[in-house]
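Derivation of every value follows stated rules applied to the coordinates shown; laboratory data play no part. These figures come from a predicted structure and were not determined experimentally. Neighbour counts run over all protein chains shown; Cβ positions are idealised from the backbone, glycine included.
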Amino acid sequence: MDPRNRVVIITGASSGIGAATARCFAAAGARLVLAARSAEALAQMAAALPQAIAVPADVADPAACHRLVEQAVAAYGQVDILINNAGIGLTGPVTSLARADLERVLAVDLLGPIWLTQAVVPVMRAAGRGQIINVSSVLAVQPLPYLGGYAAAKAALEQISNALRIELHGSGIAVTVVRPGTTRTGFNQRRLGSGRERRRIAPPGVPPEAVARAILRAARTEPRLAYVSWADRLALLVGRLAPGLVEAVLARAFGWEEQQSPANKQ
Ligand SMILES: NC(=O)c1ccc[n+]([C@@H]2O[C@H](COP(=O)([O-])OP(=O)(O)OC[C@H]3O[C@@H](n4cnc5c(N)ncnc54)[C@H](OP(=O)(O)O)[C@@H]3O)[C@@H](O)[C@H]2O)c1
């Protein structure tokens, strides 16, 4: 739908892709509800945009998700688009992922969007229209080593989205997955866990504004799945056509550090 005058909730709006998406939708004339944990950063964002309110919320908390939707309805009377963008990363070998880190990533990246969906769908059903946009990652389809926990959360988010789309068939509510590749934000500095850098083989990435434009296009055209770049599509296609080759290349690229570590040099 055209976001002009539509009410749009954006989670993770205090930085990176969410902040760029807030600016992009504001320029398109949307009325915004900005959510994240950092109250001060959110308030500054909202003050700088023409029609925006800030609602500090931790999406891992189901009650906070319900309050967020209630506050959006109290402020604007409805919710037209929910953009589940808030997320955190996690690195580390699958064999030693810490329980607390894994549970946190699942709580924020997977359960948060589910709680918000549960809160917002009755509002959208009553209006007979709406859209839920879930920000996933190319890693949902082609995981990299040491990013398996994060990739699993995003893969699960995509399957929840696919099931939800079928459940909402005929309701007027669209469900869209946006699948960005590497994006130049502070995401990797904030991720949980320990482990090796993916920088060595990761492409330099696109600016968050490119992802924001893809999300805006997805709002307008309501596809099932949206990519940010052709390079992302191509990379996933290669992984599907030649999975063994891709896995061998990844194992070699990521194995280098392990071979060089002091423990393996004796
Ligand atoms: N950067 C990439 O390379 C990349 C690639 C593919 C997909 N993505 C996805 O894109 C989305 C945005 O990431 P980004 O790159 O923009 O990272 P970012 O700059 O770190 O932004 C993450 C946002 O999520 C918010 N957030 C984190 N935990 C939260 C929680 N528990 N409750 C509410 N908000 C929370 C953060 O704000 P507070 O800390 O204030 O809560 C922040 O606004 C994520 O879902 C990520 O998985 C990123």
By the mean-Cβ-within-10 Å protection proxy, highest first, 92-103, 75-86 rank as 75-86, 92-103
How high is the relative contact order of region 58-171, given as a whole-number percent (alpha carbon pairs under 8 Å, six or more residues apart)? 34 percent
Show the residues, 5+ positions off or on another chain, whose built amide H is closer than 5 Å to the amide H of residue 174. 130, 131, 132
For the chain, the longest principal axis of the Cα atoms and the Cα long axis of helix 112-127 enclose an angle in degrees, to the nearest 10, of 30 degrees
Volume in Å³ per residue [convex hull over Cα atoms, computed for region 7-265]: 126 Å³
Give the relative contact order (percent, whole number) for region 118-174; include only Cα pairs under 8 Å separated by 6+ residues. 47 percent
Sequence-distant residues sharing a close amide H with residue 206 (under 5 Å, placed H): 183, 184
Using the Karplus curve 6.51 cos²θ - 1.76 cosθ + 1.60 with θ = phi - 60°, work out ³J(HN,Hα) for each residue of region 234-241 in order, rounded to whole Hz, and write x for Gly and Pro. 5, 4, 6, 5, 4, x, 6, 6
In degrees rounded to 10, the 0-90 angle between helix 39-48 Cα long axis and the longest Cα principal axis of the chain is 60 degrees
Amide H of residue 193: which non-local residues (sequence gap of 5 or more, or other chain) have their own amide H closer than 5 Å, using H built in the peptide plane? 91
Pairs of Cα atoms under 8 Å, at least six residues apart: use those to get the relative contact order of the chain, whole percent. 19 percent
Taking 0.36 nm per residue of separation and subtracting the Cα-Cα distance, what length does fully extending residue 94 through residue 188 add? 32.1 nm
Loop trypsin sites (Lys or Arg not before Pro), region 1-93, which have at most 12 other Cβ atoms in a 10 Å radius of their Cβ (DSSP): 4
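Sort 38-47, 236-245 by packing, meaning the average of other beta carbons within 10 Å per residue, with the highest value first.
On the way: 38-47: 16.1, 236-245: 12.0.
For the peptides 38-47, 236-245, the packing ranking is 38-47, 236-245.
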